[in-house]
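First the structure, in the form of structure tokens, and then the observations on it.
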Amino acid sequence: MKRVVKDLYKNRIWLLMVLPGTIWLLLFSYLPMFGQVLAFKKFRIDPDGFFASVINSEWVGFDNFKYLFSTNDAWVITRNTILYNLIFIVLGLVTAVATAVLLNELINKKLSKVYQTSILFPHFISWVIGSYFVFTFLSTEHGLLNLILGWFHVDSISWYNESKYWPFILVVMSIWKGVGYGSIVYLASIVGIDRTYYEAAMIDGASKWKQIKHVTLPMLKPLMIILTIMNIGRIFNSDFGLFYQVPRDSGALYGVTNVIDTFVYRGLMNLGDIGMSTAAGLYQSAVGFILVIITNYVVRKVDEESALF
């Protein structure tokens with residue numbers, strides 16, 4: 001016990017630095033876990049307050065989960081959620097690594113900083129604002145794309161009523177917003193690579209492409225695997241703003257834009273069913289946890305040093 005106290009005192013400065021983040025994590029990530037009990041209850045508001053409502057609500061077992069999966073949209077939302085996230089993981093990885101490599105290879109470092117800032121900027125824009133950016137391009141009457149089509153005497157397209165275009169639009173918007181942050185993470189890793197590896201490669205006559213192929217990418221491999229494992233854990237979670245705000249909640253597009261998160265939100269707003277919403281959140285978290293364990297197990301069997309744990 002004395003040694004623990006001594007270590008705490010010795011590292012007090014560092015512990016104080018992480019204290020705000022730790023408090024935030026406890027309040028917003030761990031404390032709400034107790035609310036998962038609502039997934040197995042039929043929530044009813046009690047006049048004595050929230051905690052009384054939770055305690056006094058009727059137990060319904062797995063009925064909330066049955067409702068979630070018995071709807072006609074269950075297959076559609078599950079398919080959309082998984083397929084979109086698989087595409088986002090693959091394309092996000094490729095574009096982020098490619099962008100990081102290109103930024104690192106720029107000779108003019110001042111210009112590289114400008115590019116980094118420009119690419120990272122969309123990450124800090126909310127999807128509400130992003131949806132208006134998209135609307136300026138896709139508006140039926142005054143959208144830029146329809147204006148360009150008019151120049152070529154092509155009939156304007158009602159973008160918000162044509163579902164066939166939206167898988168591509170959503171993927172492009174996701175990459176646009178996420179590639180900046182992803183590339184910065186990989187760029188930071190590239191900067192940390194020992195330069196002697198590149199010097200040895202140049203002495204052996206390796207071109208820039210071969211240096212990237214045989215030095216940069218192998219060095220990035222552990223980070224790529226770790227981030228991919230973490231992304232797979234979120235494969236049943238969707239970016240709510242992307243799928244709700246960008247398509248402007250158009251009913252004609254539900255077939256390709258409705259995912260688990262938007263389905264639960266609409267169910268909560270229309271039906272006020274808190275139990276079903278909690279069940280969906282618990283389902284997403286449980287599946288994500290299982291996928292992380294399985295993926296990490298597979299990676300550990302193939303390359304133990306690259307595993308997350």
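The values are calculated or read from the model by the stated rules, or taken from the named source; none is laboratory data. Remember, predicted model here, so these are calculated numbers, not experimental data. Counting neighbours? That spans all protein chains shown, and the Cβs are built from the backbone with ideal geometry, glycine included. In case anyone asks, the SASA skips ligands and DNA or RNA and just uses the protein heavy atoms, side chains included. Shrake-Rupley method; radii C 1.70, N 1.55, O 1.52, S 1.80 Å.
Would you check which residues across segment 252-278 are more than 30 Å from Met224 (Cβ to Cβ), at pLDDT 85 or above and in contact with a helix residue (DSSP H, G or I) (Cβ under 6 Å, 6 or more places away or on another chain) and list them?
Ala252, Leu253, Gly255, Asn258
Which residues, counting only those in segment 108-133, are over 30 Å from His214 (Cβ atoms) and in a loop (DSSP other than H, G, I, E, B)?
Passing the criteria: Ile125, Ser126.
Might you let me know whether segment 270-286 holds any residue that is closer than 28 Å to Trp166 by Cα, out of contact with any His (no Cβ under 9 Å at 6 or more places or on another chain), in contact (Cβ under 8 Å) with a residue 60 or more places away in the chain and open to solvent by 40 Å² or more (accessible area, probe 1.4 Å)?
Yes, segment 270-286 contains a residue that is closer than 28 Å to Trp166 by Cα, out of contact with any His (no Cβ under 9 Å at 6 or more places or on another chain), in contact (Cβ under 8 Å) with a residue 60 or more places away in the chain and open to solvent by 40 Å² or more (accessible area, probe 1.4 Å).
Among Lys42, Lys113, which is farther than 30 Å from Asn237 by Cα and either modelled with pLDDT under 85 or open to solvent by 80 Å² or more (accessible area, probe 1.4 Å) (or both)?
Lys113
Against the condition part of a loop (DSSP other than H, G, I, E, B), in contact with a helix residue (DSSP H, G or I) (Cβ under 6 Å, 6 or more places away or on another chain) and not β-branched (Val, Ile, Thr), how does Leu282 come out, does it pass?
No.
Looking at segment 240-253, which of its residues are crowded, with 19+ Cβ neighbours inside 10 Å and in contact with an Asp or Glu (Cβ under 9 Å, 6 or more places away or on another chain)?
Phe243, Tyr244, Leu253
Check every one of the helices (runs of 4 or more DSSP H) wholly within segment 134-239 and list those with 3 or more residues that are surrounded by 16 or more Cβ atoms within 10 Å (Cβ to Cβ) and not small (Gly, Ala, Ser).
Helices (runs of 4 or more DSSP H) meeting the threshold: 166-191, 217-232.
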